[in-house]
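Q: Below you will find the structure I want to go over with you.
The values are calculated or read from the model by the stated rules, or taken from the named source; none is laboratory data. Fair warning: this is a prediction, and the values are worked out from it, not measured in the lab. Counting neighbours? That spans all protein chains shown, and the Cβs are built from the backbone with ideal geometry, glycine included.
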Amino acid sequence: MKTVFDIEAKNEILTRIEKLIPQSQRLWGKMDVSQMLAHCANGMGLATGKIKPPRQLIGKLFGWIFKPAYYNKRNFPKNIQTIKGGTVVDDKDFAFEKNRLIVTIEEMYSGGKECCTDHPHPIMGSYTPEEWGKGMYKHLDHHLRQFGV
C-alpha cells in the first residue's frame, strides 16, 4: 500500500496535483477543483493534528467497523460521504489552495511519522502514523481520480 511517507508516492501525488488547472472538471461529487484542494489540505491537517475536530457519536459507536477502510488497498467509492464539516462549500482561490496542499504534503513527508497526531479521527478513531500515511495517500488519490488526474 502506498503512503505519503514514501518519496515515490509523494512525488506521484505532487505530479498529479500539478496537472490540475482552475477549469478541471469533477467526474463525480459536488466540490469544484479549488474546494477539493482545500478539502485535501484540511485532511492533511487532521493527520498532523493542526485540525482537531471532536469525535462524532456515530464514530464512537460504529467507527471501528469502518476504520480499516481508510488505509486498506481498496479505493474509496465515488460519492462517499465525508466527515461532518469536511465538505468545503464556499468559494476558494485555486492558486492559494493548490499551494497550500502542496506545502502540507511536503510538511507531512519531511516531518515523517513523528508529525502524525494521536488525536482521533472524528469517525474512525485513533490511527498509527503508518495508517495515517496510507490513509492520506488514499484520500489524495481518491480526489485526484475525481478530477481525472
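Q: Count, please, the residues in the range 74-97 that happen to be touching a His at 6+ places or on another chain (Cβ under 7 Å) and not polar (S, T, N, Q).
A: Count: 3.
Q: Another question about this same structure. Could you please find all residues in the range 97-149 being at pLDDT 95 or above and among the aliphatic types (A, V, I, L, M)?
A: Leu101, Ile102, Val103, Ile105, Met108, Met136, Leu140, Leu144, Val149
Q: I'm trying to understand the selection: among the residues of the range 38-60, which are among the small types (Gly, Ala, Ser), surrounded by 15 or more Cβ atoms within 10 Å (Cβ to Cβ) and either touching a helix residue (DSSP H, G or I) at 6+ places or on another chain (Cβ under 8 Å) or not in a helix (DSSP H, G or I) (or both)? Write out each step before concluding.
A: Let us first name the residues in the range 38-60 that are among the small types (Gly, Ala, Ser), namely 38, 41, 43, 45, 47, 49, 59.
From what's left, surrounded by 15 or more Cβ atoms within 10 Å (Cβ to Cβ): 38, 41, 43, 45, 47, 59.
Of everything in the range 38-60, those that are among the small types (Gly, Ala, Ser), surrounded by 15 or more Cβ atoms within 10 Å (Cβ to Cβ) and either touching a helix residue (DSSP H, G or I) at 6+ places or on another chain (Cβ under 8 Å) or not in a helix (DSSP H, G or I) (or both) turn out to be Ala38, Ala41, Gly43, Gly45, Ala47.
Q: Just checking, which of Phe76, Phe94 is at pLDDT below 95, in contact with a helix residue (DSSP H, G or I) (Cβ under 8 Å, 6 or more places away or on another chain), under 22 Å from Ile17 (Cβ atoms) and of a type outside the set (Ser, Thr, Tyr)?
A: Working: Phe94 fails: at pLDDT below 95.
Answer to the selection: Phe76.
Q: In the range 92-113, is there at least one residue being under 18 Å from His142 (Cβ atoms) and without any contact (Cβ under 8 Å) to a residue 40 or more places away in the chain? Explain how you work it out, then say what you get.
A: Going residue by residue through the range 92-113, those that are under 18 Å from His142 (Cβ atoms) are 97-98, 101-102, 104-105, 108.
If we keep only those that are without any contact (Cβ under 8 Å) to a residue 40 or more places away in the chain too, we end up with none.
Looking through the range 92-113, none of the residues is under 18 Å from His142 (Cβ atoms) and without any contact (Cβ under 8 Å) to a residue 40 or more places away in the chain.
Q: Out of (1) surrounded by 16 or more Cβ atoms within 10 Å (Cβ to Cβ); (2) part of a loop (DSSP other than H, G, I, E, B); (3) under 14 Å from the mean Cα position of the chain (by Cα); (4) among the hydrophobic types (A, V, I, L, M, F, W, C), what's the single condition that is false for Leu20?
A: (3)
Q: Could you pull out the residue among Pro129, Pro122 that is touching a helix residue (DSSP H, G or I) at 6+ places or on another chain (Cβ under 7 Å) and buried (at least 21 other Cβ atoms within 10 Å of the Cβ)?
A: Only one candidate qualifies: Pro122.
Q: Of the residues Glu114, Glu97, which is surrounded by 13 or more Cβ atoms within 10 Å (Cβ to Cβ) and assigned to a helix (DSSP H, G or I)? Outline the logic, then answer.
A: Numbers: Glu114 fails: surrounded by 13 or more Cβ atoms within 10 Å (Cβ to Cβ).
Result: Glu97 is the single residue among Glu114, Glu97 that is surrounded by 13 or more Cβ atoms within 10 Å (Cβ to Cβ) and assigned to a helix (DSSP H, G or I).
Q: Gly63 versus (1) at pLDDT below 90; (2) more than 20 Å from Tyr137 (Cβ to Cβ); (3) of a type outside the set (S, T, N, Q); (4) loosely packed, with under 11 Cβ neighbours inside 10 Å: which is the lone unmet condition?
A: Failed condition: (4).
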